[in-house]
Amino acid sequence: MRSRLCRIMNTAEPPNLIAPFIAHLAHERRLSKHTLTNYQRDLKRLAAWLTETGTGVIDRLDAQMVRQYLSWRHRNGASGKTMQRELSSLRSFYRWLLRENRVESNPAVGVRAPKSPRKLPDIFDADQLCSLLDHADTDLLTIRDTAMIELFYSSGLRLAELVGVNLGDIDMSEGELSVIGKGAKTRRVPVGNKARESIQHWMRVRANLANADESALFVSRRGTRIHPRTVQIRLEHWAQAQGATRHLHPHLLRHSFATHLLESSGDLRAVQELLGHADIGTTQIYTHLDFQHLAQVYDQAHPRAKKKTD
């Protein structure tokens with residue numbers, strides 16, 4: 001059934017409903033391309049399943065149909081996190097249908113997906129990360145890459161936020177950066193001294209790569225705004241060149257920023273604000289990381305916690 005469903009997803013197109021909804025998300029809510037792709041894929045998969053099984057149509061669902069779909073997704077290996085996202089897509093879709101007076105209720109409200117065990121994010125040890133960053137750069141691309149990594153770690157940016165930074169977004173004298181986060185929300189974040197030094201180093205040589213009319217802070221070899229995938233590849237290349245024994249990616253730097261800041265300050269609300277989390281529950285995962293670290297210290301240091309050696 002799965003291969004047949006894929007064929008239906010590629011051929012069955014309900015643009016009368018899904019397409020204008022996606023346009024609404026793009027133009028009114030200004031969501032990212034990645035988020036729009038997820039919404040569209042989630043809804044098209046549901047529409048294809050409804051067509052394949054003859055269960056119904058996407059704008060005439062009830063709670064039982066939604067539960068049947070989730071059961072099918074669960075049997076086919078979808079994770080709790082994936083199903084939660086799909087439910088969120090469906091709820092948003094029906095909120096739009098309600099606004100457009102196309103339906104009278106939202107069938108996804110009150111339906112819950114099974115929870116997945118929450119995986120703690122991986123982080124770099126602070127000393128290890130600092131030792132990787134403390135080196136002399138002479139190559140043009142390495143100067144750029146170091147500035148990107150310093151800014152990731154200094155300000156806890158998402159990948160899309162870093163790529164979107166323009167020349168005028170940074171106030172070097174005040175050490176502040178204005179970024180556009182999820183939902184097109186703007187926030188101001190601090191930029192540390194080390195990051196400012198690296199960015200200033202990059203700015204002195206940026207003209208050797210950037211097109212004259214390019215506003216992006218970080219540019220590619222072509223002189224235009226750097227692509228997110230290029231950033232990911234360059235971070236991995238940079239880490240290998242510096243002798244790192246672990247994979248380096250943007251979110252690992254964001255996780256490290258949040259964890260190290262929380263360990264030092266204990267101020268969860270401040271970390272939430274700096275990360276741009278709408279819900280403090282999202283930020284609270286870092287308290288688990290912090291406790292995990294504290295528990296490890298306790299096990300190693302407390303005289304009544306140490307394991308006896310043979």
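Please treat every number below as a calculation from the coordinates, not as lab data. Everything numeric here is computed off the predicted structure, so don't read it as measured data. All Cβ positions, glycine included, derive from the backbone under ideal geometry; neighbour counts span all protein chains shown.
Applying 1/(1 + (r/R0)^6) with R0 = 30 Å to the Cβ-Cβ distance of Leu167 and Arg91 gives a FRET efficiency near 0.15.
With only Lys, Arg, Asp and Glu charged, each at its Cβ (+1 for the first two, -1 for the last two), find how big the charge dipole of region 211-274 is about the Cα centre; round to the nearest 20 debye.
Details: 8 positive and 6 negative charges, 66 e Å.
In total the dipole reaches around 320 debye.
The residue list Leu268, Pro228, Leu209 was ranked by how far each Cα lies along the charge dipole of region 201-278 toward its positive end, using unit charges on Cβ atoms, and Leu209 comes out on top.
The relative contact order of region 126-299 comes to 24 percent, based on Cα pairs under 8 Å that sit 6 or more residues apart.
Just subtract the alpha-carbon distance of Ala207 and Glu100 from 0.36 nm times their residue separation and send over the number in nm, one decimal. Write down the numbers at each step before the final one.
Details: separation 107, 0.36 × 107 = 38.52 nm, distance 4.95 nm.
Residue separation times 0.36 nm, minus the Cα-Cα distance, leaves 33.6 nm.
Ranking Gln64, Tyr39, Trp49 by how far each Cα lies toward the positive end of the dipole of region 2-99 (charges on Cβ) leaves Tyr39 at the top. Protection proxy ranking for 245-256, 93-104, using the average of other Cβ atoms within 10 Å per residue and placing the highest first: 245-256, 93-104.
The aspartates and glutamates whose alpha-carbon is closer than 14 Å to the alpha-carbon of Lys182, local same-chain residues fewer than 8 away aside, are Glu28, Glu161, Glu273, Asp279. Dividing the mean sequence gap of close Cα pairs (under 8 Å, 6+ apart) by how many residues region 2-99 holds gives a relative contact order of 30 percent. Dipole magnitude for region 2-99: about 320 debye, using +1 per Lys or Arg Cβ and -1 per Asp or Glu Cβ, origin at the Cα centre.
Straight-line cross-link partners of Lys44 among the aspartates and glutamates, defined as a Cα under 15 Å from its Cα and at least 8 positions apart when in the same chain: Glu13, Glu52, Asp59, Glu86.
Which value, in debye to the nearest 20, describes the size of the charge dipole of region 126-299 about its Cα centre when Lys and Arg Cβ atoms bear +1, Asp and Glu Cβ atoms bear -1, and nothing else is charged? Display every interim value, and only then the final one.
On the way: 18 positive and 21 negative charges, 135 e Å.
Computed charge dipole of region 126-299: roughly 660 debye.
Sorted on the mean count of surrounding Cβ atoms within 10 Å across their residues, most packed first, peptides 171-179, 145-153 read 145-153, 171-179.
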